[in-house]
Structures are given as structure tokens and as C-alpha cells.
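Here's the structure we're looking at; comments come further down.
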Amino acid sequence: AVWTSQFHQRWGCEKMKTLIVYATRCGATALTSREIAKILSEENFEVKVVDAKKEKIKDISEFELVIVGGGLKMDRWTGESDDFLKNFQKNLAQKKVAIFVSSAMKSLFERQGKTEDLQKIKKSHLEDEALKHHLNPIALGLFDGRENPFYSYPKRRRTGPEQSGSND
């Protein structure tokens with residue numbers, strides 16, 4: 001809610017026709033996108049949410065605000081989100097744009113107090129991503145990539161004495 005409240009408080013984005021485009025691997029970015037859409041809808045924004053893996057976007061001219069979200073895995077954006085930014089780079093330069101990423105590393109680094117590592121993620125995957133596509137976003141967001149209650153992370157396989165039953 002804090003992230004989306006910046007749209008109309010700081011940048012005068014009220015009741016805009018908004019497109020939220022996302023690509024997700026495990027579902028966290030989809031959940032975040034739907035939550036952003038819900039909050040903006042409650043603020044009287046007209047919102048369309050598109051999963052870039054399932055629907056190809058051909059035109060964004062009708063939208064005033066475009067929010068692009070992607071997941072991070074192995075230090076890379078979800079391909080479809082990155083492709084959207086690349087393919088619509090010129091159009092997005094004429095719009096109000098916000099970008100966000102979902103990363104499981106966010107909560108891990110927060111728990112471990114690794115603020116420098118969090119700043120590196122924000123710089124390399126938000127600020128640098130915006131620069132790469134010549135964008136000047138009105139907001140950048142880093143969200144937890146483990147929010148999907150339907151996804152269970154694989155358990156690590158144990159090796160060594162505790163698995164083999166050895167008493168060494």
C-alpha cells in the first residue's frame with residue numbers, strides 16, 4: 001500500500017488508466033501484481049493486469065500508467081518482463097512507469113541484516129534495469145519472492161552421516 005500510495009501523493013497519478021504487466025516463475029509476482037491492482041482499483045484507477053507469459057501485448061497507447069513486474073532468479077529478470085521493457089521502450093518513455101521485482105533474497109537479506117546486499121539488488125535490478133531501457137520510473141519496488149502459498153520450495157537433500165545412519 002505504501003508503494004502504490006506514492007503514485008497519487010507524489011506524482012499526481014489519480015484515476016489513471018493503468019496496465020500492470022508481469023511475468024512470474026512461481027507465482028509471487030502474480031500475487032504482487034494482483035495486490036497492486038486491487039489497491040489501485042480501490043483508489044479508482046482503471047486497471048488491467050496481464051501475465052506476459054500468457055498474453056502478448058500489442059499496444060499500450062491507451063494506458064497512462066504502466067507497471068512492469070518480474071521475478072528474479074539466478075540474478076536475472078523473468079524473460080517476458082524484460083522483453084516487454086525492451087519491446088515497448090520508446091512507448092514507455094512517454095508514460096508514467098513503475099517497475100518492481102520479486103526476489104526470495106529480499107526476506108533472506110532482511111532477516112540477516114544485509115542492507116548492503118538489498119541495496120545491490122535494488123541498484124542492479126531496478127535502477128540499472130530502468131537505465132538500460134532509458135526509463136525514468138515514478139516508483140521502483142522490491143518485493144518478497146516467496147509469497148506464493150501454493151508453491152513449496154524443494155527441500156535440500158541431506159548428504160553425509162546423518163542421512164546414511166552412520167553413528168560417526
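The values are calculated or read from the model by the stated rules, or taken from the named source; none is laboratory data. It should be emphasised that the depicted structure is a prediction, and the values quoted were computed from it without experimental measurement. As a convention, Cβ positions derive from the backbone with ideal geometry for all residues, glycine included, and neighbour counts pool all protein chains shown. Protein only, heavy atoms only, side chains kept; ligands, DNA and RNA dropped before computing areas. Shrake-Rupley method; radii C 1.70, N 1.55, O 1.52, S 1.80 Å.
Computed values, structure above
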item: Segments classed as strands (runs of 3 or more DSSP E), wholly inside the stretch 17-73, with at least 2 members that are open to solvent by less than 20 Å² (accessible area, probe 1.4 Å); result: 17-23, 65-73
item: Residues within the stretch 123-140 that are at pLDDT 90 or above and part of a strand (DSSP E or B), tallied; result: 0
item: Any hit, the stretch 62-76, residues being touching a strand residue (DSSP E or B) at 6+ places or on another chain (Cβ under 7 Å), over 19 Å from Ile138 (Cβ atoms) and at pLDDT below 90; result: yes
item: Conditions (1) modelled with pLDDT of 90 or more; (2) out of contact with any strand residue (DSSP E or B) (no Cβ under 8 Å at 6 or more places or on another chain); number of the one not met by Asn44; result: (1)
item: Answer residue from the stretch 74-85, given it is of a type outside the set (A, V, I, L, M, F, W, C) and in a helix (DSSP H, G or I) and is surrounded by the most Cβ atoms within 10 Å (Cβ to Cβ) among those; result: Ser81
item: Residues (in contact with a Lys or Arg (Cβ under 9 Å, 6 or more places away or on another chain) and not hydrophobic (A, V, I, L, M, F, W, C)) located in the stretch 42-64; result: Glu43, Asn44, Glu46, Lys48, Glu62, Glu64
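Condition check ((1) open to solvent by 50 Å² or more (accessible area, probe 1.4 Å); (2) under 18 Å from Pro137 (Cα atoms); (3) modelled with pLDDT of 95 or more; (4) not acidic (Asp, Glu)) across all residues:
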position: Phe88; (1), (2), (3), (4): no, yes, yes, yes
position: Asn91; (1), (2), (3), (4): yes, yes, yes, yes
position: Lys95; (1), (2), (3), (4): no, yes, no, yes
position: Val101; (1), (2), (3), (4): no, yes, no, yes
position: Ser107; (1), (2), (3), (4): no, no, no, yes
position: Lys114; (1), (2), (3), (4): yes, no, no, yes
